[in-house]
1. Roughly how many Å² of Val60 are accessible to a 1.4 Å probe, to the nearest 10?
2. Would you work out which of Gln38, Gly15, Pro86 lies farthest towards the positive end of the dipole of the chain? Charges go on Cβ: Lys and Arg +1, Asp and Glu -1.
3. Step through the residues of the stretch 104-121 one at a time and calculate ³J(HN,Hα) from phi using the Karplus curve (6.51 cos²θ - 1.76 cosθ + 1.60, θ = phi - 60°), rounding each to whole Hz and writing x for Gly and Pro.
4. Tell me, what is the FRET efficiency for Arg89 and Gln38 to the nearest 0.05, using R0 = 25 angstrom and their Cβ-Cβ distance as r?
5. How far apart, in nm, are two points set 7 Å out from the Cα along the Cα-to-Cβ line at Glu63 and at Asn18?
6. Compute the long axis of helix 131-141 from its Cα atoms, compare it with the longest principal axis of the Cα atoms of the chain, and write down the angle in degrees, 0 to 90, nearest 10.
7. Once both axes come from the Cα atoms, what is the angle between helix 62-71 and the longest principal axis of the chain, in degrees from 0 to 90, rounded to 10?
8. Placing +1 on the Cβ of each Lys and Arg and -1 on the Cβ of each Asp and Glu in the stretch 1-131, which of His118, Met76, Cys99 has its Cα farthest towards the positive end of the resulting dipole?
Amino acid sequence: MPPSANKPTAAIQFGAENGQNSIVGWVTGDAQAPIRPQNFIENRQFWPLVEEVMAQHAHVDPELQAQAAFQKTGWMNIADGRNPPPLGRTGNAEDILGCVLIEDKTIMPGSFQPNCAHRPVSADGLFQLPKFLHAKLLERLS
């Protein structure tokens, strides 16, 4: 739901499509200020679409497949691109989009698990999906 009408706000939209589902959230106060958790109100209708796209397409994402080849087996975190962890390290909880199961260097279809601690906006800014998943979300919203 949008913030109250008595506060100056700006909608943060994902892609060029209009509509409630493409709005990530709203910035309160100065619309020119950097997006930070304290001036951001999340659109609760948007994030389930992101998780749906990740669940449907994470196992075929070329970037994630390359990472899976190095891990070989077990659960692999999908890092938010706004603050990627150093190679071989685990990122901050708010910067982990979710995880997928790896078996024999392969991401198992249907294994995506969202991270309830992830935040669409952190002190490092707005979330950034891997390029392939970004494009799939744009397709889903069009």
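The values are calculated or read from the model by the stated rules, or taken from the named source; none is laboratory data. On a predicted model such as this, the values are computed, not experimentally measured, just so you know. Note that we place each Cβ from the backbone using ideal geometry, even for glycine, and neighbour counts take in every protein chain shown. Accessible surface areas use protein heavy atoms only, side chains included; no ligands, DNA or RNA. Shrake-Rupley method; radii C 1.70, N 1.55, O 1.52, S 1.80 Å.
1. Val60 exposes around 60 Å² with every protein chain in place.
2. Selected residue: Gln38.
3. Listing the rounded values in order: 6, 6, 10, 6, 6, x, x, 8, 4, 10, x, 9, 5, 8, 5, 10, x, 10 Hz.
4. Once rounded, the FRET efficiency stands at 0.40.
5. 3.1
6. Compared with the principal axis, the helix lies near 50 degrees.
7. Once rounded, one gets 50 degrees.
8. His118
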